[in-house]
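S.K.: Please find one structure pasted underneath; my questions will follow.
The values are calculated or read from the model by the stated rules, or taken from the named source; none is laboratory data. Not measured: the values here are computed from a predicted model. Backbone-built Cβ (ideal geometry, glycine too); neighbour counts: all protein chains shown.
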Amino acid sequence: MKNLGYFFHSVAFLILVGITAFIILNFNSLPDIIPTHFNLSGKPDSFSNKNFIFFLMPIGFMIFLTLFFTSKNPESPFLNLPKDIKENKLATFLVLSVINCVFSLIFADLFYESYLVAMSKRTELSGNILYLLGALLLIIILINIFSKKIGKLNIS
């Protein structure tokens with residue numbers, strides 16, 4: 001099961017590397033002003049210079065690293081999981097690796113869709129982000145519902 005956790009962390013990392021490569025390769029084709037914030041209906045409501053993207057990209061890697069290292073330390077003060085899961089190091093590692101993967105997907109989707117809006121291929125974000133946020137919410141709900149069962153699993 002530990003390998004499964006590393007698999008999810010690896011996928012998360014590759015997603016971030018992929019979207020970073022995509023942005024770097026397409027940076028010169030971006031207009032000088034790009035959308036950097038979207039309202040609840042998915043329409044851009046804040047814009048910045050395209051160089052601002054190099055401030056945003058490291059945020060995804062910081063989230064990745066925070067979740068990765070926190071997943072290896074269930075006693076971390078940054079970790080807010082049910083007690084039953086925190087007591088099982090492998091369960092904690094697996095849960096956080098899945099969450100890390102979903103966060104990376106959300107981050108990549110936001111970057112890609114922002115790129116499409118900046119390039120005038122779309123006028124607003126698609127509903128994809130809502131599905132990913134829904135998946136994250138479902139994971140969190142399931143973790144809480146099944147925390148006793150997950151925490152007591154003999155994962156090795």
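S.K.: Please state which one of ILE141, ILE106, ILE99 is modelled with pLDDT of 85 or more, β-branched (Val, Ile, Thr) and under 23 Å from ASN3 (Cβ atoms).
M.R.: ILE99
S.K.: Further question on the same structure: How many residues are in contact with a Leu (Cβ under 6 Å, 6 or more places away or on another chain) and under 18 Å from SER120 (Cα atoms) if we restrict to the stretch 22-65?
M.R.: The qualifying residues number 3.
S.K.: Right, here's the next one. Name the single residue that is nearest to PHE55 (Cα to Cα) among those in the stretch 119-134 being at pLDDT 90 or above and touching a helix residue (DSSP H, G or I) at 6+ places or on another chain (Cβ under 8 Å).
M.R.: Selected residue: MET119.
S.K.: In addition: With the checklist (1) within 23 Å of PHE7 (Cβ to Cβ); (2) free of Cβ contacts under 8 Å to residues at least 24 places away in the same chain; (3) under 17 Å from the mean Cα position of the chain (by Cα) in hand, flag the one item SER76 doesn't pass.
M.R.: (3)
S.K.: Collect the residues in the stretch 21-42 that are over 19 Å from GLY60 (Cβ atoms) and either touching a strand residue (DSSP E or B) at 6+ places or on another chain (Cβ under 9 Å) or in a helix (DSSP H, G or I) (or both), keeping them in residue-number order.
M.R.: If the condition is that a residue be over 19 Å from GLY60 (Cβ atoms) and either touching a strand residue (DSSP E or B) at 6+ places or on another chain (Cβ under 9 Å) or in a helix (DSSP H, G or I) (or both), then ASN28, SER29, ASP32, ILE33, ASN39 are the ones that fit.
S.K.: Ok, one more. Quick one: count up the residues across the stretch 18-37 that are closer than 12 Å to PHE111 by Cα and surrounded by 15 or more Cβ atoms within 10 Å (Cβ to Cβ).
M.R.: Here the count works out to 6.
S.K.: Please specify each residue of the stretch 144-156 satisfying the condition of being modelled with pLDDT under 75 and aliphatic (A, V, I, L, M).
M.R.: Scanning the stretch 144-156 gives ILE150, LEU153, ILE155.
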